[in-house]
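Rule-based calculations on the coordinates, nothing more; no lab input. Predicted model, so just to flag it, every value in this text is computed and none were measured. Glycine also receives a Cβ, built like all others from the backbone with ideal geometry; neighbour counts cover every protein chain displayed.
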Amino acid sequence: PGRDDCYLILPFGLHWSEARASDMIVFDESGSTLEGEGVVELSAQCIHAPIHRICGVRVVLHTHQPWALALNMLKDNRLLPANQTAAFFHGHIAYDDNYTGTADSLEEGERLARLMGDKQMVFMKNHGVIVTGNTIAQAYKRLYKLERVCRTQGLAMSTGRPLAVLSDDIVAQVQGPSDNDRHSRAEREHLYFEAMMRVRRAFSDR
């Protein structure tokens with residue numbers, strides 16, 4: 001919100017279906033509400049604020065989405081580069097394999113931030129995922145696509161047949177820039193986010 005020592009978040013108690021941008025509050029790392037009405041939920045404060053501060057990212061999303069959580073309930077919760085979209089995530093995920101309970105201290109958020117390091121995402125065993133980005137559009141697209149690739153991996157694993165994992169060379173080719181691409185990744189992220197906003201508004205207007 002124009003400062004590096006405070007953050008935007010939805011106040012505790014709102015259902016996602018009723019939340020609006022105007023409901024966002026500004027809070028600091030101590031959990032104090034600086035602007036807006038409402039309070040920040042403790043675990044949200046303890047996870048989000050340290051990651052913003054330590055990792056220097058502008059957007060932090062933390063969810064318990066069903067397919068990502070289902071994968072994180074497995075002993076082997078690694079996301080495999082077994083399709084083109086999944087290849088984009090390879091090497092960008094940190095794995096927290098030790099669930100320590102509800103995040104109720106800033107020290108827990110600091111631990112997660114150190115674990116994340118220069119990665120963009122964290123898979124939290126038995127808990128959920130953290131996805132970061134430099135823009136809302138970037139973080140949202142990562143989160144949306146991540147849930148989709150977790151779903152496709154789960155569906156493929158349910159067949160009981162071996163997965164065809166892409167080679168490191170192919171993964172590098174998929175992740176690398178293309179001289180023939182007409183659209184930058186930033187443009188793709190912006191257009192995707194705008195499209196999803198239109199879809200949401202269309203459903204809201206029904």
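Results, tabulated for the structure shown:
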item	result
Extended-chain gain in nm, criterion 0.36 nm per residue less alpha-carbon gap, D179 and H64	37.7 nm
Virtual spin-label span in nm between K119 and T85, 7 Å along Cα→Cβ	2.1 nm
Centroid-to-centroid separation of the stretch 57-108 and the stretch 183-206 [C-alpha atoms, Å]	24 Å
For the stretch 1-40, alpha-carbon Rg over 2.2 N^0.38 Å	1.11
Cβ charges +1 (Lys, Arg) and -1 (Asp, Glu), total dipole of the chain, debye	900 debye
Computed [θ] at 222 nm, deg cm²/dmol, the chain (DSSP H ≥ 4; -39,500 (n - 2.57); rounded to nearest 500)	-13000 deg cm²/dmol
Principal-axis tilt of helix 185-204 within the chain, Cα atoms, nearest 10 degrees	70 degrees
Distance (nanometres) between label positions extended 7 Å along Cα→Cβ at Y95 and R148	2.5 nm
R0 of 22 Å, Cβ-Cβ distance S30-T102: FRET efficiency to nearest 0.05	0.70
Loop-located trypsin sites (Lys or Arg not before Pro) in the stretch 33-132, at most 12 other Cβ atoms within 10 Å (DSSP)	K75, R78
Antiparallel bridges, percent of DSSP beta bridges restricted to the stretch 80-186 (to nearest 5)	50 percent
Low-density loop cleavage sites - chymotrypsin sites (Phe, Trp or Tyr not before Pro) in the stretch 1-105, where at most 14 other Cβ are within 10 Å (DSSP)	F12, W16, Y99
³J(HN,Hα) computed for each position of the stretch 44-55 - Karplus, 6.51 cos²θ - 1.76 cosθ + 1.60, integer Hz, glycine/proline x	5, 4, 6, 8, 6, 4, x, 5, 4, 5, 7, 8
Computed E for D205/E41 - FRET, C-beta separation, R0 22 angstrom, nearest 0.05	0.15
Charge-dipole axis of the chain as Lys and Arg at +1 and Asp and Glu at -1 on Cβ define it, positive-most pick from N134, V122, V149	V149
Positive-end residue, the chain charge dipole about Cα centroid, Cβ charges, pick of M24, H52, M196	M196
Calculated from backbone phi, Karplus (6.51, -1.76, 1.60) coupling profile of the stretch 135-145 in Hz, x at Gly/Pro	9, 4, 4, 5, 5, 5, 4, 4, 5, 5, 5
Rg ratio (alpha-carbon, reference 2.2 N^0.38 Å) - the chain	1.08
Share antiparallel - DSSP beta bridges, the chain, percent rounded to 5	80 percent
